[in-house]
1. Could you work out how much longer the chain between residue 55 and residue 263 gets when fully extended? Use 0.36 nm per residue separation minus the Cα distance between them, nm to one decimal.
2. For region 538-574 and region 584-652, what is the centre-to-centre distance using only Cα atoms, to the nearest Å?
3. How do 576, 553 line up, fewest other C-beta atoms within 10 Å first?
4. For residue 647 and residue 539, what is the calculated FRET efficiency with R₀ set at 41 Å and r taken between the beta-carbons, to the nearest 0.05?
5. In nanometres, what is the gap between the two model label sites at residue 367 and residue 472, each 7 Å from Cα along Cα-to-Cβ?
6. If you stretched the chain out fully between residue 411 and residue 243, how much longer would it get, using 0.36 nm times the residue separation minus the C-alpha to C-alpha distance?
7. Report the relative contact order of the chain, percent, no decimals, based on alpha-carbon pairs under 8 angstrom and at least 6 residues apart.
8. Using Cβ counts within 10 Å as a stand-in for footprinting exposure, how do 33, 28 rank, fewest first?
């Protein structure tokens with residue numbers, strides 16, 4: 001009893017803080033439960049499981065805090081307990097830790113509002129790109145209210161602990177060194193258990209994604225994603241032999257006009273078009289931020305927020321059944337530039353050893369094109385400059401002093417202040433980036449040099465701000481306004497381009513990078529991957545609405561087919577309009593990898609878990625079906641071969 005008494009006094013503050021943390025974590029979990037009440041699969045049993053698993057992960061968070069705290073208590077000499085140094089360290093350490101956790105609870109709410117999940121790899125990325133993120137938060141939320149609120153809450157909680165004499169008890173107990181060893185040792189054992197045996201996916205017990213996410217703990221999720229930034233496919237996913245995987249993929253890639261160049265583990269092939277006339281129209285490719293298919297009238301939207309895209313779709317090659325590969329910009333870039341399925345973990349755009357790959361620029365440069373990449377922000381963000389600069393593109397961006405690596409042999413051009421009329425956290429408005437693109441197009445037209453201008457837009461992004469008096473929705477009021485302004489900027493660009501001498505020999509391609517949101521109650525929310533893709537060329541492209549199921553990775557191979565180009569391919573995408581095209585869409589999250597064929601969806605998960613579903617396009621719901629070996633193996637093959645080619649430097 002005496003030992004317990006001493007322990008409770010010296011460890012009073014730590015135990016009190018733990019109680020507060022568990023209580024606030026419970027309250028936050030209840031907030032999320034109420035928030036997503038209509039989307040949960042809720043019963044007494046599932047509620048108990050959500051709260052029970054949540055408590056288990058909250059204890060995991062505390063185990064790390066306990067190791068740090070009990071280590072301090074272990075080391076400080078007994079004669080220094082209650083000294084000025086001891087008080088300074090404990091007061092300041094407690095205050096800082098308390099504020100960090102209060103801040104984390106606030107951050108989790110804003111993160112849930114945006115992504116409908118606990119902290120994931122996106123949060124890890126945001127920690128790296130602090131300028132854009134801090135600016136975005138500043139422009140999106142009333143920090144003059146939030147920061148004082150967090151400080152006030154921290155102060156109130158601190159006062160409660162002081163009033164209840166937790167500090168007095170902590171400073172008054174002169175516990176011996178021997179009695180401090182056991183708490184520290186137990187803390188080490190518990191933390192080691194969580195570190196070695198408990199992964200974040202251990203919380204994924206339900207087929208309902210929201211049930212799983214609410215069961216997690218935000219802090220634990222953050223550090224789990226920080227550890228698992230890279231995933232080896234064969235280690236974490238069900239695999240088959242490489243021989244079988246490549247056999248399946250090569251069968252799917254076989255076309256009448258394609259001949260494989262090598263017989264090893266490769267997809268390299270020669271595409272030969274008998275109608276190749278060496279046509280070299282300019283190409284303006286615009287990857288539009290967060291432009292969900294559901295925003296367009298062509299997909300049933302009644303709000304008329306994309307009048308230009310809806311009008312141009314009827315004059316173009318318009319893909320009505322095309323799906324994004326992922327839920328982040330770098331996934332869209334990876335898909336269209338490399339024509340590759342999403343490998344698990346980080347996008348190749350952000351991974352090491354991603355220069356000198358075989359990309360669309362290789363095809364264009366073989367035809368003597370100039371390739372340019374335009375971004376309205378600082379291309380350091382998401383490693384865009386390094387990726388595009390290292391793969392054959394000249395860079396045009398709004399850099400703030402960051403420079404390209406000496407290893408990247410390309411030219412970088414800064415967008416100057418006098419070329420900017422509006423700018424927010426993510427970069428200049430779409431009108432400004434289009435004006436810059438047109439200016440560069442004029443330069444290369446005068447040089448009689450065909451060009452590929454690749455533009456990544458930024459306006460359709462939180463905080464949803466854009467120049468005033470352009471559209472009938474006020475700036476900063478929400479997603480609909482940002483969508484409508486993005487469409488307006490496209491219309492303005494198109495109107496200006498029509499007056500240029502290069503317009504009639506230019507093809508315009510509009511594709512979304514991903515949907516505005518991809519979160520749903522199922523493992524993968526299929527509907528929230530459907531995006532528009534439009535290829536327009538006056539007298540160059542025959543208008544047609546394509547209803548075949550296809551993917552972002554097919555956009556450029558289809559364009560090359562429309563141009564009747566013969567070229568070398570190391571792409572997983574194929575020409576959608578051939579008779580031999582095999583319909584499928586490859587979609588994924590950071591951990592989930594799926595293959596959609598018709599309304600069948602096979603999903604691969606880490607921990608070597610797999611599931612086969614029937615997708616209902618009306619309810620957007622996945623119904624679990626018995627596993628089909630053929631579907632499973634085909635899905636594995638797409639992702640296993642993509643991972644193999646990257647890891648073995650065969651994308652070069």
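Each value in this text was obtained by applying a stated rule to the coordinates, not by laboratory testing. Keep in mind it's a predicted model, so treat the numbers as computed, not measured. We place every Cβ from the backbone using ideal geometry, glycine too, and count neighbours over all the protein chains shown.
1. On the way: separation 208, 0.36 × 208 = 74.88 nm, distance 5.35 nm.
Net length gain for the segment: 69.5 nm.
2. Rounded to whole Å, the Cα centres lie 23 Å apart.
3. Details: 576 22, 553 26.
Fewest-to-most Cβ neighbours within 10 Å comes out as 576, 553.
4. On the way: r = 45 Å, r/R0 = 1.09.
Working from the Cβ atoms, E equals 0.40.
5. With each label point 7 Å from Cα toward Cβ, the separation is 4.1 nm.
6. Numbers: separation 168, 0.36 × 168 = 60.48 nm, distance 4.11 nm.
Full-extension gain reported as 56.4 nm.
7. On the way: 1137 pairs, mean separation 123.1, N = 652.
Reported as a whole number, the value is 19 percent.
8. Working: 33 17, 28 21.
Neighbour counts put them in this order, fewest first: 33, 28.
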